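J.: For reference, the structure I am asking about is given below.
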Amino acid sequence: MILLGLIIIPTIAGIISFFVRQSNWRRFILVFTAIIHTGLTLSLWWFLPVALYGGWLMLDNPGLFFLSITSVLFLCVTIYAVGYFKQETTEKIKDFEEDAFFTNAPEARFKGCLLLFLSTMSLVCVSGHFGLQWVAMEGTTLASAPLIYYHRHHRSLEASWKYLLICSVGIALALMGNFLLSMAGGGALPLYMQTMIENAAQISTPWLKASFIFFLVGYGTKMGLAPLHTWLPDAHSEAPSLVSALLSGTLLNCSFLGILRVWQV
């Protein structure tokens, strides 16, 4: 139930944040959810569930390690976000690079997407199925793109679209990696990670190597590996500092975990 709570609690809190009008309540929901998430994550270091729900959710040592980094860093970011949003305004702001004005996105939308971002990253870490992990990885893209466009001017819009398009191409290549991995198992082995690892001797080596290449290029695009990193400088420079910290410290780790899972097989 803890693994399910790590996904459901931020999702519900994010949906609620979209409709809460008072900023103080939204900030409370954000910090309180982050504290609960961190507490649940740390409790897993004492009793580690191996596989749940028929293998769809699984948490091993690599998954727990990256989940802990995600949760602790998100808690630090939310504490910083309280002071950050107190200094932000809904009025027009003059751009320091150009003689133009822009406005920030609604705080409710930003915090809702921030919590959904936590939920999808948690799902990446606890996924026990390659297909589910792929869905979660795409979810991180959709949840984080509006965060990059918080300062709504043309540079942040360009950075958001570049992030969406390039990472979506990478995710499409990773989907092809899933197809090739299924073919490597002869179509008989389900894409549960533990099942694939235990039956690795039955897997066709050429198909597995081809699958790994697509996973490496696909998730490597999301990870920002050169020369697939062209979205990264724009996204980090235009996103708020707290979003940039999450992109660097958590999202890239989730992408690396996707590559590591195939390497384990």
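J.: Across segment 215-265, which residue is farthest from ILE171 (Cα to Cα) among those that are outside any helix (DSSP H, G or I) and touching a residue at least 12 places away in the same chain (Cβ under 8 Å)?
T.: PRO240
J.: Additional query: Give me the residue from segment 3-23 that is loosely packed, with under 15 Cβ neighbours inside 10 Å and not polar (S, T, N, Q) and, out of that set, farthest from LEU118 (Cα to Cα).
T.: Per the criteria, the residue is ARG21.
J.: Can you spot a residue in segment 181-194 that is crowded, with 22+ Cβ neighbours inside 10 Å, closer than 28 Å to LEU52 by Cα and of a type in the set (S, T, N, Q)?
T.: Scanning segment 181-194, I find no residue that is crowded, with 22+ Cβ neighbours inside 10 Å, closer than 28 Å to LEU52 by Cα and of a type in the set (S, T, N, Q), so the answer is no.
J.: Does segment 24-41 hold any residues that are surrounded by 14 or more Cβ atoms within 10 Å (Cβ to Cβ) and of a type outside the set (Val, Ile, Thr), and which are they?
T.: Across segment 24-41, the qualifying residues are ARG26, ARG27, LEU30, ALA34, HIS37, LEU40.
J.: Specify the residue that is nearest to THR141 (Cα to Cα); the eligible residues are those in segment 166-204 that are hydroxyl-bearing (Ser, Thr, Tyr) and modelled with pLDDT under 90.
T.: The residue in question is TYR192.
J.: Something else now. Residue by residue through segment 218-235, note down the ones that are of a type outside the set (Ser, Thr, Tyr) and either surrounded by 18 or more Cβ atoms within 10 Å (Cβ to Cβ) or at positive phi (or both).
T.: If the condition is that a residue be of a type outside the set (Ser, Thr, Tyr) and either surrounded by 18 or more Cβ atoms within 10 Å (Cβ to Cβ) or at positive phi (or both), then GLY218, GLY220, LYS222, MET223, GLY224, LEU225, LEU228, TRP231, LEU232, ASP234, ALA235 are the ones that fit.
J.: Name the pairs whose Cβ atoms lie under 9 Å apart, with the first residue in segment 106-117 and hydroxyl-bearing (Ser, Thr, Tyr), the second in a helix (DSSP H, G or I), and 6 or more positions between them or separate chains?
T.: none
J.: So which residues in segment 139-153 are without any contact (Cβ under 8 Å) to a residue 40 or more places away in the chain and surrounded by 19 or more Cβ atoms within 10 Å (Cβ to Cβ)?
T.: ALA143, ALA145
J.: Restricting to segment 45-60, give me the number of residues that are over 21 Å from the mean Cα position of the chain (by Cα) and assigned to a loop (DSSP other than H, G, I, E, B).
T.: Summing the residues that are over 21 Å from the mean Cα position of the chain (by Cα) and assigned to a loop (DSSP other than H, G, I, E, B) in segment 45-60 gives 6.
J.: Taking VAL72, is it at pLDDT 95 or above, β-branched (Val, Ile, Thr) and assigned to a helix (DSSP H, G or I)?
T.: Against the criterion (at pLDDT 95 or above, β-branched (Val, Ile, Thr) and assigned to a helix (DSSP H, G or I)), VAL72 qualifies.
The values are calculated or read from the model by the stated rules, or taken from the named source; none is laboratory data. Computed from a prediction, not measured in an experiment: that's the story for all the values here. Backbone-built Cβ (ideal geometry, glycine too); neighbour counts: all protein chains shown.
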